[in-house]
Each structure stands twice: as C-alpha cells, then as structure tokens.
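Participant: Quick one: the structure is below, and I'll ask about it shortly.
The values are calculated or read from the model by the stated rules, or taken from the named source; none is laboratory data. No experiment lies behind these values; they were computed from the predicted model shown. Cβ placement follows ideal geometry from the backbone for every residue including glycine, while neighbour counts extend to all protein chains displayed. All accessible areas refer to the heavy atoms of the entire protein, side chains included, with ligands and DNA or RNA removed. Shrake-Rupley method; radii C 1.70, N 1.55, O 1.52, S 1.80 Å.
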Amino acid sequence: MRTGDELPPLTVPVTRTLIVAGAVASRDYQDVHHDPELARQKGSPDIFMNILTTNGLVGRYLTDHFGPTAMLRKLSIRLGAPNYPGDTMVLTGRIERLDGDTATVRVIGTNGIGAHVTGTATVTLGGAR
C-alpha cells in the first residue's frame, strides 16, 4: 500500500428502505427522512438520507476495505447533494498519507446529482491489505 493508491469503489443503491431504516436506527425521527409528503411540503422532492446513515456507510466502506484489524480513528465528513430514493451512491477513496501503520484517506461519495459526501478518515491499519 502506498500514498496515492485508490480504494476500489463501493456502490450503494439508495433505497427508501435504507433511508428510513438508517434514520430509525440513528433515532433521527425528522419527517424529511421518512415522510415523502412532509418532505415535499418542506421543499424537498422526496425523503433523503440523514448524515448519520452516510457516516455509517463511509465507515463501512473503510473497514470493509482495510479489514477487521483496522481501527477507524477519525472521520470528518461534509454533506453535499442529497441522497434520494432510487439513486445510487458510489464511494471512492484515495490514500493521501501513510505514517507508520496509520493511513489518511480521502473519501468521496457521488450520486446522480453530484457529490453527496466528501471527507477524510484516519485509519490505523494493523495487518490491513
């Protein structure tokens, strides 16, 4: 593994079930994450994914790649274009820096309307690929 290496992409179908389940699991009961009519009344074309679900998917992407001995030490993300039902999010990553057994990874998740999430993670590798 070297600085500049690209992680293989992860494709995540953005389903209505994923959005609602993520909101319920993270106890985010805001209507824009589960009620299409109320989401439309608030100016959104449909329900959309919450940041906690996105955060979990980015964490999954990294730990799936680096393996069970890796430890996610820090994750800093920013949301952009919403994830709506029926779209697909593709997560990609690039190793920005290696320092001993610690990697800094730049992560981007895009969907049909743009960048849904951008961020940086610090991962302690511990026997990772």
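Participant: Quick one: is R16 touching a residue at least 60 places away in the same chain (Cβ under 8 Å), of a type in the set (K, R) and open to solvent by 40 Å² or more (accessible area, probe 1.4 Å)?
Facilitator: On the way: touching a residue at least 60 places away in the same chain (Cβ under 8 Å): yes; of a type in the set (K, R): yes; open to solvent by 40 Å² or more (accessible area, probe 1.4 Å): yes.
Yes.
Participant: Restricting to segment 84-126, what's the tally of residues that are of a type in the set (G, A, S), within 24 Å of S44 (Cα to Cα) and surrounded by 21 or more Cβ atoms within 10 Å (Cβ to Cβ)?
Facilitator: 1
Participant: Hey, any hits in segment 32-44 for a residue that's in contact with a strand residue (DSSP E or B) (Cβ under 8 Å, 6 or more places away or on another chain) and loosely packed, with under 15 Cβ neighbours inside 10 Å? Outline the logic, then answer.
Facilitator: At the first step, the residues of segment 32-44 found to be in contact with a strand residue (DSSP E or B) (Cβ under 8 Å, 6 or more places away or on another chain) are none.
No, segment 32-44 contains no residue that is in contact with a strand residue (DSSP E or B) (Cβ under 8 Å, 6 or more places away or on another chain) and loosely packed, with under 15 Cβ neighbours inside 10 Å.
Participant: Which one is farthest from R27 (Cα to Cα), of the residues in segment 45-73 that are open to solvent by less than 40 Å² (accessible area, probe 1.4 Å) and of a type in the set (A, V, I, L, M)?
Facilitator: Here the answer is A70.
Participant: A follow-up question, please. Quick one: which residue in G112, G43, G80, G126 is within 15 Å of T11 (Cα to Cα) and either without any contact (Cβ under 8 Å) to a residue 60 or more places away in the chain or of a type in the set (D, E, K, R) (or both)?
Facilitator: Details: G43 fails: within 15 Å of T11 (Cα to Cα); G80 fails: within 15 Å of T11 (Cα to Cα); G126 fails: within 15 Å of T11 (Cα to Cα).
It is G112.
Participant: Going through T88, T53, T92 one at a time, which residue ends up being touching a His at 6+ places or on another chain (Cβ under 9 Å) and within 21 Å of P9 (Cβ to Cβ)? Outline the logic, then answer.
Facilitator: Working: T88 fails: touching a His at 6+ places or on another chain (Cβ under 9 Å); T92 fails: touching a His at 6+ places or on another chain (Cβ under 9 Å).
After ruling out the rest, the residue left standing is T53.
Participant: Let me confirm something: among R78, R97, which residue is basic (K, R), more than 23 Å from H33 (Cβ to Cβ) and in contact with a Ser or Thr (Cβ under 6 Å, 6 or more places away or on another chain)? Break it down into steps so the answer makes sense when it comes.
Facilitator: Details: R78 fails: more than 23 Å from H33 (Cβ to Cβ).
Exactly one residue qualifies, and that residue is R97.
Participant: Within segment 41-72, which residues are over 22 Å from G100 (Cα atoms) and of a type in the set (D, E)? It would help to see each step written out before you state the result.
Facilitator: Taking segment 41-72 as the starting set, the residues that turn out to be over 22 Å from G100 (Cα atoms) are 41-58, 60.
Across segment 41-72, the qualifying residue is only D46.
Participant: If S76 satisfies all but one of (1) crowded, with 16+ Cβ neighbours inside 10 Å; (2) farther than 20 Å from A25 by Cβ, what's the number of the condition it fails?
Facilitator: For S76, the exception is condition (1).
Participant: Kindly indicate which of D64, D46, D31 is acidic (D, E) and touching a Leu at 6+ places or on another chain (Cβ under 6 Å). Before the answer, list the steps.
Facilitator: On the way: D64 fails: touching a Leu at 6+ places or on another chain (Cβ under 6 Å); D46 fails: touching a Leu at 6+ places or on another chain (Cβ under 6 Å).
From the options D64, D46, D31, the qualifying one is D31.
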